[in-house]
Amino acid sequence: MKSKSTTVIPVSEIGRARPAVSVPEIPVPATGRLLDRLGRPLTDLRISVTDRCNFRCSYCMPKDVFDKDYQYLPHSALLSFEEMTRLARLFAAHGVRKIRLTGGEPLLRKNIEGLIGQLSELRTPSGEPLALTLTTNGSLLQRKAAALAAAGLQRVTVSLDSLDDAVFRHMNDVDFPVADVLAGIDAAMTAGLGPLKVNMVVKRGTNEQEILPMARYFRDNHGGKVVLRFIEYMDVGATNGWRMDEVLPSAEVIARIGAEFPLVPLEPSAPGETAQRWAYADGSGEIGVISSVTQAFCHDCSRARLSTEGKLYLCLFASAGHDLRPLLRGTATDEDIGSAIGHIWQGRADRYSELRALRGPDGGESDSNNNKAPRRVEMSYIGG
């Protein structure tokens, strides 16, 4: 077992490597289209509303690290819903059209419906409502689905790694039954939170045998309105013990499913979409694969991530964030904060997955100057 002192980034220290965010001397006006150094627009914002989760999945929050003594952020450090909404409004002015609420497990945040209600009132510069979605492990979804929809949530994505109850209980490591997650999916569909997506992280040697049962189940239920997506096991964070030999390439997933159910490729539904889409040839719905290890999609990544304490991350694999909270809780105006956000995005050149692919499976964790790379932030802190 790795010691906590060498594997965990204390939440109080995350982002210290970056200087404090300041208002740029040359203002960056909000024009509705903001480009980074590689010409990628800012269109999606993922907001983590809590760093806590009630599951202990080994690829995200392994129990030997995130145990009863683990120190989470104090409530005073978390952004209020009003602060999150203020930032979301400024991001929308720069071109964000979609907001995804994440965690940890976002449904653990008390009165999350209140935040959804505030965000649902936001508009793009052209007056359109933002797409408002949420990713959840499904454990509380049956209880909350109707209220989430009533508050203005449009769609949910549910993380589910197996239909086999024993495998699922082993992977969530808190003995949570798969039947309750399936009941949550049913409740979400009844509430109109669709088309619903189900994300399955595939880990070779752990749950790869569940690929076909998962495909069959969601192909045959909900009239093709649930899109099952298979995610390659990723080297996110510093605590999950990631190894390349545990990655099952998406191409193999497609081959396995296609051998039983013929598939035809589909065009992306939107620019910068993470998943490659495939339809069942008989019209029984579609699946997707997210291949950030074997087929990096950094070239058109348009996503920014906001931690629950107000740090802005420009990549899922980042090691440090830009702290916006001092501006929020100081005297900065909306124009000041919006200009700071614009300046940060304009300086973005992150493309971790592409660089990992260039290094190869034995390239190690080092940068272009052969320096050891800093530890990456945990996925439970900024969401997937």
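Here are the numbers:
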read-out	value
Label selected from [x] 67, 54, 36; [y] 60, 49, 42; [z] 82, 54, 33, the criterion being Cα extents along the principal axes in Å as computed here	[y]
Interchain or long-range residues, amide H under 5 Å from LEU196's placed H	VAL227
Formal net charge of residues neighbouring GLY288 (Cβ-Cβ distance under 9 Å; K, R +1; D, E -1)	+1
Trypsin sites (Lys or Arg not before Pro) within the range 173-275, DSSP loop, no more than 13 other Cβ atoms inside 10 Å	LYS225, ARG243
Estimated vicinal HN-Hα couplings, Hz - the range 93-107 in sequence order (Karplus 6.51, -1.76, 1.60; Gly, Pro = x)	5, 8, x, 5, 10, 9, 10, 10, 8, 9, x, x, 9, x, 6
Among ALA92, SER284, ALA149 the positive-end extreme of the charge dipole of the chain (Cβ point charges)	ALA92
Segment ARG37-LYS225, length gained on full extension (0.36 nm per residue, minus Cα span)	63.9 nm
The range 156-214, accessible area per residue, ligands and nucleic acids excluded (1.4 Å, Å²)	34 Å²
Relative contact order, percent, the chain [alpha-carbon distance under 8 Å, six or more residues apart]	24 percent
VAL178 accessible area, 1.4 Å probe, all protein chains in place, Å² to nearest 10	10 Å²
Karplus-derived HN-Hα couplings along the range 126-132 (A = 6.51, B = -1.76, C = 1.60, θ = phi - 60°), whole Hz, x at Gly and Pro	8, x, 8, x, 6, 6, 10
Amide H partners (placed H, <5 Å) of ILE231, local residues excluded	MET200, VAL201, VAL202, ILE290
Other-chain or far-sequence residues with amide H under 5 Å of VAL247's (modelled H)	ARG204
Solvent-accessible area, 1.4 Å probe, carbon plus sulfur percent, for the range 149-302	54 percent
Segment ALA349-SER22, extension gain: residue separation times 0.36 nm, minus the distance between their alpha carbons	115.8 nm
Solvent-accessible surface (1.4 angstrom probe) belonging to ASP186, in square angstrom, nearest 10	70 Å²
Sequence-separation-based contact order of the range 101-170, relative, with Cα cut under 8 Å and 6+ spacing, percent	34 percent
Cα-based helix-to-principal-axis angle, 141-151 vs the chain, degrees rounded to 10	50 degrees
Helix-only [θ]222 nm of the chain, DSSP H runs n ≥ 4, -39500 (n - 2.57) each, per residue, nearest 500	-8000 deg cm²/dmol
Phi to ³J(HN,Hα) by Karplus 6.51 cos²θ - 1.76 cosθ + 1.60 over the range 160-176, Hz, x for Gly, Pro	8, 9, 5, 9, 6, 4, 5, 5, 5, 4, 5, 6, 7, 6, 10, 6, 8
Approximate spin-label separation ASP165-ARG86, in nm, with each point projected 7 Å along Cα-to-Cβ	4.9 nm
Charge context of LEU122, other residues only, Cβ under 12 angstrom, K/R +1, D/E -1	+3
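The values are calculated or read from the model by the stated rules, or taken from the named source; none is laboratory data. The structure presented is a predicted model; accordingly, all values stated were derived computationally and were not measured. Cβ sites come from the backbone with ideal geometry, for glycine too, and all protein chains shown count toward neighbours. Each accessible area value is taken on the protein alone, full model and side chains, heavy atoms only, with ligands, DNA and RNA left out. Shrake-Rupley method; radii C 1.70, N 1.55, O 1.52, S 1.80 Å.
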